[in-house]
Each structure stands twice: as C-alpha cells, then as structure tokens.
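Reviewing the structure listed below.
Only the coordinates and a few stated rules stand behind these numbers; no lab work does. Note that the coordinates shown come from a computational prediction; the quantities given were computed from them, not determined experimentally. We place every Cβ from the backbone using ideal geometry, glycine too, and count neighbours over all the protein chains shown.
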Amino acid sequence: MTRTCKQCGQGMYQDDQSQWFCPDCILDEIDPAFLKETLDDRGELKRPYVLEPPTRQVSIRLSVTDLEQAKRLARRKGIPKYQSYIKALLHDALLKEAGQQQEKRNRRAV
C-alpha cells in the first residue's frame, strides 16, 4: 500500500508503529540542530532519537491463534511485517493505559 503526501506529492512511508509520514515534509518541521548527527564515545555515528528511537530485541510466547490473527490483520492493513503491527498495538495500549493511570491519579488529587 502506498500513499502520496498531500503537501508535496512525494511518496509517504510507514514507520515501525504503522504511522505514515513524508520524509521531506517532516524534516521541514524539525529544528535542524535537533537532527544533528554526532559521534559517540567509540567514534560511531549517533543518530538523533527522533530518527532512530532505541529498541531492544525481546522474545515472547503468543498463542498460535493470536499470532495468526495478528498476521491476517497486518496484511489487511497493508503492514508488511506482523511484528511491526504487534509492536504498534502494544505501543498504543501502553499509551492508553498510562493515560488512564494518570487520569485516576488526577481524580484522587482533586
């Protein structure tokens, strides 16, 4: 599945959290100093967090039916890797849960 940017007409890309973005337009919105690449202590290129958030490989056991359903849903949504779909679902669920926890704390404080 491909999409075209409404602002510049260039092709859009989908990140690992299933969000569509246009690389040309998003760079216009970000302060150039924020995107400055630097060298780390070992002399390797360190890319800005916004371009490459740190990740860690994990291994979890899922039921076969959940895994097959995730694969089907990812294909239906045009996401080539079901792992990216699961990662996006987990990310959204964590944000939602964190928001609900904050709302509970705010209600108790009132």
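Pop a pseudo-label 7 angstrom from the Cα along the beta-carbon direction at both Ser84 and Arg56 and give the gap in nm to one decimal.
Distance between the two pseudo-spin positions: 2.4 nm.
Eight or more residues apart or on different chains, and alpha-carbon atoms under 20 Å: count the Lys pairs in the range 51-110 matching that.
Lysine pairs meeting both conditions in the range 51-110 amount to 5.
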